[in-house]
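Structure first, commentary second.
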Amino acid sequence: MVDSILCPVCSSRVETVDHIFTECSDLCALWSRIAIWWGVNCPSQLTVDSLFKWADTTIRRIGQRKAFDVVILTAFCCIWNFRNDVIFRADSPKKSMIFDDVVHKSYVWISSRCNKAKISWSCWLHNPISATILM
């Protein structure tokens, strides 16, 4: 049982899947930061479905598309973990850390799961699209 059906992050609207991942004013800037980091455009209509299809509509090379999909899935995971921390932890988590978590966790997942390419942390930070060119 939770105390309220309102979004635990912004407390302004009822929490739904669409709200927490794409409409919450406190969290939706994450998608813009990911777009800037990867040098791609955000979906014109920000929905959960458009985020799942984002890589298919913006990135041509299959390895880069797979890496970008990992970033998107990692972002969903980090948003959900942040939401749970807001509800269940005594100390308040920092929204500014969500993007850093996405970058770090997606790098760890990709570099530990992909045997084809060795991606440097520096390249991943500064130009992930070129870091994944050999994937």
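The values are calculated or read from the model by the stated rules, or taken from the named source; none is laboratory data. Treat the numbers as computed from the prediction; the structure is a model and nothing was measured. All Cβ positions, even for glycine, are placed from backbone atoms using ideal geometry, and neighbour counts span all protein chains on display. The area values use the complete protein model at the heavy-atom level, side chains included, leaving out ligands, DNA and RNA. Shrake-Rupley method; radii C 1.70, N 1.55, O 1.52, S 1.80 Å.
Observations on the structure shown:
- Some residue of segment 38-45 being assigned to a helix (DSSP H, G or I) and closer than 18 Å to Ile110 by Cβ: yes
- Of the residues in segment 82-96, none is in contact with a Phe, Trp or Tyr (Cβ under 6 Å, 6 or more places away or on another chain), over 21 Å from Thr132 (Cβ atoms) and touching a residue at least 12 places away in the same chain (Cβ under 8 Å).
- Long-range neighbours under 8 Å by Cβ, at least six apart or interchain, first residue touching a residue at least 60 places away in the same chain (Cβ under 8 Å) and open to solvent by 50 Å² or more (accessible area, probe 1.4 Å) within segment 28-49, second among the aromatic types (Phe, Trp, Tyr) and in a helix (DSSP H, G or I): Arg33/Phe99
- Subset tally (residues that are under 14 Å from Arg33 (Cβ atoms), at pLDDT below 95 and not in a loop (DSSP other than H, G, I, E, B)) for segment 93-109: 1
- Among the residues making up segment 33-85, those that are acidic (Asp, Glu) and closer than 30 Å to Asp3 by Cα are Asp49, Asp85.
Per-residue answers, yes or no, for (1) buried (at least 20 other Cβ atoms within 10 Å of the Cβ); (2) under 13 Å from the mean Cα position of the chain (by Cα):
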position	(1), (2)
Lys53	no, no
Thr58	no, no
Gln64	yes, no
Phe76	no, yes
Asn84	no, no
Phe88	no, no
Lys94	no, no
Ser106	yes, yes
Ser112	no, no
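- Residue check for Cys42: under 22 Å from Asp18 (Cβ atoms) and touching a Ser or Thr at 6+ places or on another chain (Cβ under 7 Å): yes
- The residue that is farthest from Arg65 (Cα to Cα), among those in segment 114-135 that are modelled with pLDDT of 85 or more, open to solvent by less than 70 Å² (accessible area, probe 1.4 Å) and within 18 Å of the chain's Cα centre (by Cα), is Leu125.
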